[in-house]
Amino acid sequence: MLLSITVSQIFFLGGVFPMVLLTILLATIFFAAWKAPRWVKNIGSIALALSIFFTAYNFVGAAGAVIECEGDISPVLIWGANRCAAVL
């Protein structure tokens with residue numbers, strides 16, 4: 001069975017604020033490649049650092065959800081939390 005998920009669903013799973021911020025940085029990279037090529041590396045580094053930060057933040061949130069279950073933890077919950085956290 002194939003999991004059918006659209007790009008917009010992946011976008012919203014990552015969180016609206018982080019994904020909008022990364023999309024703005026992507027547009028900025030395209031603009032910088034045209035007008036100021038020296039800035040592309042710096043903007044890309046910022047985007048990478050933010051994506052790592054938001055992924056770690058989502059993993060902490062997923063771990064908090066697992067901790068709140070207090071003993072009755074199903075594998076579906078753990079893998080679902082990891083899926084949501086790793087999408088970003």
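The values are calculated or read from the model by the stated rules, or taken from the named source; none is laboratory data. Since the model is a prediction, treat every value here as computed from it, not as a measurement. No Cβ is skipped: glycine too gets one built from the backbone with ideal geometry, and neighbour counts run over all protein chains shown. Protein only, heavy atoms only, side chains kept; ligands, DNA and RNA dropped before computing areas. Shrake-Rupley method; radii C 1.70, N 1.55, O 1.52, S 1.80 Å.
Among the residues of the stretch 12-33, count how many are of a type outside the set (Val, Ile, Thr), open to solvent by less than 100 Å² (accessible area, probe 1.4 Å) and in a helix (DSSP H, G or I).
Taking the stretch 12-33 first, the residues of a type outside the set (Val, Ile, Thr) are 12-15, 17-19, 21-22, 25-27, 30-33.
Next, only the ones that are open to solvent by less than 100 Å² (accessible area, probe 1.4 Å) stay: 13-15, 18-19, 21-22, 25-27, 32-33.
If we keep only those that are in a helix (DSSP H, G or I) as well, we get 13, 18-19, 21-22, 25-27, 32-33.
Residues flagged as of a type outside the set (Val, Ile, Thr), open to solvent by less than 100 Å² (accessible area, probe 1.4 Å) and in a helix (DSSP H, G or I) within the stretch 12-33 amount to 10.
Evaluate the following for ALA47: is it closer than 16 Å to ASN82 by Cβ and either of a type in the set (A, V, I, L, M) or open to solvent by 50 Å² or more (accessible area, probe 1.4 Å) (or both)? I'd like the intermediate steps shown before the answer.
Working: closer than 16 Å to ASN82 by Cβ: no; either of a type in the set (A, V, I, L, M) or open to solvent by 50 Å² or more (accessible area, probe 1.4 Å) (or both): yes.
Taking the combined requirement at face value, the residue does not satisfy it.
Looking for whichever is at pLDDT below 75, not in a helix (DSSP H, G or I) and not aliphatic (A, V, I, L, M) here; the options are GLY71, GLY80. Which one fits? Write out each step before concluding.
Values: GLY80 fails: not in a helix (DSSP H, G or I).
Being at pLDDT below 75, not in a helix (DSSP H, G or I) and not aliphatic (A, V, I, L, M) holds for just one of GLY71, GLY80, which is GLY71.
Taking the stretch 14-43 on its own, how many of its residues are under 29 Å from GLY80 (Cα atoms) and in contact with a Leu (Cβ under 8 Å, 6 or more places away or on another chain)?
So the answer is 7.
Where the second residue is open to solvent by 50 Å² or more (accessible area, probe 1.4 Å) and the first is under 13 Å from ILE43 (Cβ atoms) and lies in the stretch 12-32, which pairs have Cβ atoms under 6 Å and are six or more apart or on separate chains?
So the pair list comes out as ALA32/TRP39.
Yes or no, residue by residue, for (1) among the small types (Gly, Ala, Ser); (2) open to solvent by 60 Å² or more (accessible area, probe 1.4 Å); (3) touching a residue at least 12 places away in the same chain (Cβ under 8 Å):
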| site | (1), (2), (3) |
| --- | --- |
| ILE10 | no, yes, yes |
| LYS35 | no, yes, no |
| ASN42 | no, yes, no |
| ILE52 | no, yes, no |
| ALA62 | yes, no, yes |
| CYS69 | no, no, no |
| PRO75 | no, yes, no |
